[in-house]
1. Kindly evaluate residue 3 against the criterion of being modelled with pLDDT under 95, touching a Phe, Trp or Tyr at 6+ places or on another chain (Cβ under 7 Å) and farther than 26 Å from residue 115 by Cα.
2. Could you please let me know if residue 98 is among the charged types (D, E, K, R) and touching a residue at least 24 places away in the same chain (Cβ under 8 Å)?
3. Could you grab me the full set of residues in the stretch 12-38 that are buried (at least 18 other Cβ atoms within 10 Å of the Cβ) and under 15 Å from the mean Cα position of the chain (by Cα)?
4. Could you tell me which numbered condition residue 65 fails, if it satisfies all but one of (1) part of a helix (DSSP H, G or I); (2) among the small types (Gly, Ala, Ser); (3) surrounded by 14 or more Cβ atoms within 10 Å (Cβ to Cβ)?
5. Please go through the stretch 39-48 and give me each residue that is of a type in the set (A, V, I, L, M) and under 14 Å from the mean Cα position of the chain (by Cα), ordered by number.
Amino acid sequence: MATADLTLDKFEDTISQDGIIFLDFWAEWCGPCKTFGPVFEAASEKHQDIQFAKVDTEDQQELAGSLNIRSIPTLMVFRDGIQLFSQAGALPEAALEDLIEQVREVDMDDVRKQVAEEAEVHDSHH
């Protein structure tokens, strides 16, 4: 599965799906993005069970702004609608593969429990 281009109107639908989604925030003028692009693309060919999408921050400024994207490339990972990872910088192939394995191994029941506990903590402070 090749990478899809993600826009603001499709964003919520895309990240709220079950499964793993890797998002690459990039722009045409960004050197490191050009380095990371083929690595990201290659991973999308290799891992057919994961959704890979790219966000052109020039074209999708509102989306990038709402996610506080400060520098690019930024890689974000969602699984079952929960953000697990967000980091700026072009990852080398080995690091991306390592991250993919880590995300696959995450115990989502554990994550959901943590998210619920954090929500309770925030609620109790109001």
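1. On the way: modelled with pLDDT under 95: yes; touching a Phe, Trp or Tyr at 6+ places or on another chain (Cβ under 7 Å): yes; farther than 26 Å from residue 115 by Cα: yes.
Yes: the conditions hold for residue 3.
2. Working: among the charged types (D, E, K, R): yes; touching a residue at least 24 places away in the same chain (Cβ under 8 Å): no.
Spelling it out, it is not the case that residue 98 is among the charged types (D, E, K, R) and touching a residue at least 24 places away in the same chain (Cβ under 8 Å).
3. Once the filter is applied, which keeps residues that are buried (at least 18 other Cβ atoms within 10 Å of the Cβ) and under 15 Å from the mean Cα position of the chain (by Cα), the stretch 12-38 yields 15, 20, 21, 22, 23, 24, 25, 26, 33, 36.
4. If we test residue 65 against (1) part of a helix (DSSP H, G or I); (2) among the small types (Gly, Ala, Ser); (3) surrounded by 14 or more Cβ atoms within 10 Å (Cβ to Cβ), just (3) comes out false.
5. Passing the criteria: only 43.
The values are calculated or read from the model by the stated rules, or taken from the named source; none is laboratory data. Fair warning: this is a prediction, and the values are worked out from it, not measured in the lab. Counting neighbours? That spans all protein chains shown, and the Cβs are built from the backbone with ideal geometry, glycine included.
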